[in-house]
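Read through the structure below, which is laid out as structure tokens, and then see the notes.
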Amino acid sequence: MQQESLRPTTPPGRQSAEWRSAAPSLVEDVLSGLLASPKRLSPTYFYDERGSQLFDEICELPEYYITRTETEILERYATAIAARIGPDALLVELGSGASTKTRLLLDELPDLAAYVPVDISRSHLMEAAHRIADAYPDLEVLPACADFTRPFSLPRSRRIPSRVIVFFPGSTIGNFDPPAAIELMKVMRGMVTPRLSSGSASGGLVIGFDLQKDPAVLERAYDDAAGVTAEFNLNVLRHLNRNLGASFDLEAFRHQALWVPEASRIEMRLISTKRQSVRIAGEVISFDADEPIITEHCHKYTPESFA
Ligand code: TRP
């Protein structure tokens, strides 16, 4: 493991969590969401350092079945998946977080060309990358700090990969509305498609998505008794207060997770508990009592609808 292998590649354009330096377009993005009707905030803003920690806690909650279920699936099928991936692949994980589930695959893939964890939270990414590098001393680990919804270039591994495999677990694809999900699938296709290949095998995708189920089970998964998901959701406002100098009163918004059957999704919302206005980047945004800000969609599929 070389030292510089663990330096994150920083793709061109705005991407790191440095909101100040990247300010104008981020401010525009936040303001245009809050001036829209209904009000919206991009879920990307969940994942500052605190948000990434809270998210790891969500994954351990009794009500949050997704992580456990997906882990069980990977435990059962890792050998079969690894056999399909084959030798010398470049494994690219989008939104790698703590890289916990990845180990199940890495254990079965001793001959990977390299592992590329991609995450927007830099310190989270680097910690996880170091842990993986320590646990797999023969593996080249090439962390990339990027917002994977925007184009970024893959780091170059020392060994020439036979193919690129994108690993996208966690039902994260469900957080994109169907048209955006399709766009993202196209980006992933571009990442795994060999550029200068003559006859090299094509790449692949290992993806996790969640199935429709009893709405009560779904709503509980996104509104746990311990209040961790609520804290995670409200952290968006804290993030905007800190990074854009906004004046959100966290006591004046509450978390809601609502199943919307027509769209087959859970909507995560922050509800304004009263009529109020909030200053943000020189603008004043007004809220009615009970007015929502939509912060996340979690789409639930059937095998057929996903296909
Ligand atoms: N993608 C996962 C899901 O939809 C995890 C996730 C994303 C999540 N955003 C979230 C979980 C917000 C809870 C709250 O379940």
Is it the case that segment 27-35 has a residue that's surrounded by 14 or more Cβ atoms within 10 Å (Cβ to Cβ) and touching a Pro at 6+ places or on another chain (Cβ under 9 Å)? no
Take segment 277-302 and flag every residue that is surrounded by fewer than 17 Cβ atoms within 10 Å (Cβ to Cβ) and within 25 Å of Asp223 (Cα to Cα). Asp288, Ala289, Asp290, Thr302
Test Val141 against the criterion of being open to solvent by less than 40 Å² (accessible area, probe 1.4 Å), touching a residue at least 12 places away in the same chain (Cβ under 8 Å) and under 21 Å from Asp210 (Cα atoms), and give yes or no. no
Here, helices (runs of 4 or more DSSP H) confined to segment 16-109 with at least 2 residues that are more than 26 Å from Lys213 (Cα to Cα) and either free of Cβ contacts under 8 Å to residues at least 60 places away in the same chain or among the hydrophobic types (A, V, I, L, M, F, W, C) (or both) are 23-35, 65-85, 102-106
Can you confirm whether segment 168-182 contains a residue that is open to solvent by less than 60 Å² (accessible area, probe 1.4 Å) and farther than 19 Å from Tyr301 by Cβ? no
Say whether the condition of being more than 16 Å from the ligand (Cβ to nearest atom), open to solvent by less than 70 Å² (accessible area, probe 1.4 Å) and not in a helix (DSSP H, G or I) is met by at least one residue in segment 265-272. yes
Within segment 200-223, take every residue that is surrounded by fewer than 20 Cβ atoms within 10 Å (Cβ to Cβ) and of a type in the set (Asp, Glu) and give me the one that is farthest from Ser305 (Cα to Cα). Asp223
For segment 54-102, name all the residues that are within 16 Å of the ligand (Cβ to nearest atom), over 11 Å from Gly170 (Cβ atoms) and among the basic types (Lys, Arg). Arg68
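The values are calculated or read from the model by the stated rules, or taken from the named source; none is laboratory data. Fair warning: this is a prediction, and the values are worked out from it, not measured in the lab. A quick note on method: Cβ atoms are made from the backbone with ideal geometry, for glycine too, and the neighbour counts reach across all protein chains shown. Accessible surface areas use protein heavy atoms only, side chains included; no ligands, DNA or RNA. Shrake-Rupley method; radii C 1.70, N 1.55, O 1.52, S 1.80 Å.
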